[in-house]
1. Cβ-Cβ below 9 Å, separation at least six or inter-chain, first residue in region 260-287 and among the polar types (S, T, N, Q), second part of a loop (DSSP other than H, G, I, E, B) and surrounded by fewer than 18 Cβ atoms within 10 Å (Cβ to Cβ): which pairs?
2. Residue under question is A169, and the condition is that it be over 19 Å from A316 (Cβ atoms), crowded, with 21+ Cβ neighbours inside 10 Å and not acidic (D, E); does it hold?
3. When you go through (1) at pLDDT 95 or above; (2) of a type outside the set (A, V, I, L, M); (3) open to solvent by 30 Å² or more (accessible area, probe 1.4 Å) one by one for P119, which number turns out not to apply?
4. As an exercise: evaluate Y329 against (1) within 14 Å of the ligand (Cβ to nearest atom); (2) open to solvent by 20 Å² or more (accessible area, probe 1.4 Å); (3) closer than 30 Å to A243 by Cβ and give the number of the one condition it does not meet.
5. Output the qualifying pairs, or none if there are none: Cβ atoms under 8 angstrom, residues six or more apart or on different chains, first residue in region 365-380 and farther than 15 Å from R340 by Cβ and in contact (Cβ under 8 Å) with a residue 12 or more places away in the chain, second residue among the polar types (S, T, N, Q) and surrounded by 15 or more Cβ atoms within 10 Å (Cβ to Cβ).
6. Applying the selection to region 299-326, what residues are touching a helix residue (DSSP H, G or I) at 6+ places or on another chain (Cβ under 8 Å) and open to solvent by less than 30 Å² (accessible area, probe 1.4 Å)?
7. Mind telling me which of the residues G136, G132 ends up being at positive phi and modelled with pLDDT under 95?
8. Return the pair list, or none, for Cβ contacts closer than 6 Å from residues in region 381-392 that are within 11 Å of M33 (Cβ to Cβ) to residues that are open to solvent by 20 Å² or more (accessible area, probe 1.4 Å) and modelled with pLDDT under 95, at least 6 apart or on different chains.
Amino acid sequence: MVDDLTSKLLSPVSLAGLTARNRVIKAGAFEGMCPGGIPTDELVEHHRRLAAGGVGITTVAYCAVSADGRTFEDQMYMHEEILPGLRKISEAVHAEGGAVAAQLGHCGYFSKNTELTIPRPLGPSGRFNELGVMRGIPFSGGMTKADIGRTVREYGTAAALLKRAGFDAIEMHMGHGYLLSQFLSPLANKRRDEYGGSLHNRLRLPVAAFRAVREAVGEGFPIWAKINLSDGVNGGIEVEDAAQVAQRLESEGIDAIEMSGGFTSMSPMYLLRGDRPLTDMIGVEKNDFQKVALRLFGSTIIKEYPFEELFFLEQAKVIRDAVQLPLIYLGGVSSLENMRTAMAEGFDFVALARALIRDPDMIHKIEKGECAYHTDCNHCNKCIAAMDTPSGTRCVRDEEDFYTS
Ligand SMILES: Cc1cc2nc3c(=O)[nH]c(=O)nc-3n(C[C@H](O)[C@H](O)[C@H](O)COP(=O)(O)O)c2cc1C
């Protein structure tokens with residue numbers, strides 16, 4: 001017999017005009033299927049497959065608002081020419097009964113994109129570009145107000161394109177150390193103008209970007225933000241700041257918040273937990289300098305955090321107690337039992353990345369009565385290295401030699 005929590009999880013739910021068939025979201029997990037920034041049929045199939053497996057909403061990861069908002073060259077960026085490719089994704093997901101969200105992002109100060117159209121990447125303040133140093137882009141610059149204005153407009157244009165392409169929702173990436181997260185974080189934001197200093201000021205760009213996206217898509221089209229509970233680095237934002245960020249976004253009319261943590265360039269394993277796949281990251285790296293750097297400094301720079309089921313639960317409860325809007329729990333969801341716990345704790349949706357990379361049929365299996373379902377993903381995190389292989393992100397645990405396939 002299906003209990004109330006499982007029934008709540010698996011029943012249709014409405015979010016700002018969208019009816020999703022259940023409360024399970026495939027979290028944005030970079031697919032590695034956009035060579036040169038163009039979505040491929042493999043990307044279409046990747047999300048069709050997730051929808052066929054029963055998720056309510058699948059999220060297309062890291063869609064940069066502009067070519068210069070990419071962390072590296074092979075990331076999708078929003079431009080008119082990819083409209084047909086985007087439409088293929090939304091049509092394929094809808095045909096399987098699912099809904100599709102796009103994660104809108106901008107890399108800000110850290111980038112290893114050698115095709116930048118500007119002399120160096122731009123963030124809140126000029127600083128060392130940890131990710132780009134081995135590609136000859138060691139420094140970033142601070143955005144002028146004109147840069148900020150242009151970037152805000154790019155958020156709006158990108159959102160309008162996604163809506164035209166049939167997408168059902170937009171996730172604004174305000175976490176993981178990307179541009180909007182850099183503005184929020186005192187670690188990266190050293191500005192002395194109205195965009196820096198107090199949290200109120202540091203929220204100015206994220207709020208402006210949200211307003212531009214709302215203006216572009218209108219009311220009744222879900223927009224949620226992925227925010228950091230903690231940057232996972234000394235001097236970054238902590239959960240008390242995150243609660244204020246959530247409250248401000250709620251007062252601005254955002255539809256939901258998804259909670260995560262970590263700073264991609266400084267504490268990447270904070271957001272993942274589990275094994276640090278250094279050997280495999282070196283194996284798939286094409287740049288010789290980067291290979292050497294990873295060999296020499298990888299274990300010092302990339303700190304390890306042990307995996308725990310529901311690893312963000314305690315911090316996420318602080319946000320739950322601070323706001324009334326719908327919340328998406330993310331982080332270490334491994335079983336139906338974990339999803340039921342998230343529901344019981346008052347979260348409205350659950351988002352999963354690795355469990356669904358390992359088994360895209362997870363939700364259908366649960367619907368068919370596998371109540372004891374528990375993923376056998378072992379958090380080896382080799383899927384992180386797989387992002388850089390020709391076939392892109394997938395579970396490669398059982399593949400003998402996946403570096404070149
Ligand atoms: C292969 C892989 C790629 C990822 N890429 C992204 C990304 O592009 N954007 C993002 O916000 N998070 C990304 N993440 C992080 C996930 O969204 C999620 O926050 C993290 O995996 C924890 O959730 P989980 O325990 O359900 O896997 C990625 C995770 C994995 C495993």
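1. S267/I302; S267/K303
2. yes
3. Of everything listed in (1) at pLDDT 95 or above; (2) of a type outside the set (A, V, I, L, M); (3) open to solvent by 30 Å² or more (accessible area, probe 1.4 Å), P119 misses just condition (1).
4. Among (1) within 14 Å of the ligand (Cβ to nearest atom); (2) open to solvent by 20 Å² or more (accessible area, probe 1.4 Å); (3) closer than 30 Å to A243 by Cβ, the lone unmet condition for Y329 is (2).
5. Qualifying pairs under 8 Å: C377/S334.
6. If the condition is that a residue be touching a helix residue (DSSP H, G or I) at 6+ places or on another chain (Cβ under 8 Å) and open to solvent by less than 30 Å² (accessible area, probe 1.4 Å), then I302, L310, L313, I319, A322, V323, L325 are the ones that fit.
7. Working: G132 fails: at positive phi.
Step by step, each of G136, G132 is checked, and only G136 is at positive phi and modelled with pLDDT under 95.
8. The qualifying pairs are S391/S405.
The values are calculated or read from the model by the stated rules, or taken from the named source; none is laboratory data. Quantities reported herein were computed from a predicted structural model and do not represent experimental measurements. Virtual Cβ from ideal backbone geometry, glycine too; neighbours counted across all protein chains shown. Side chains are part of the model used for accessible areas, which takes the heavy atoms of the whole protein and leaves out ligands, DNA and RNA. Shrake-Rupley method; radii C 1.70, N 1.55, O 1.52, S 1.80 Å.
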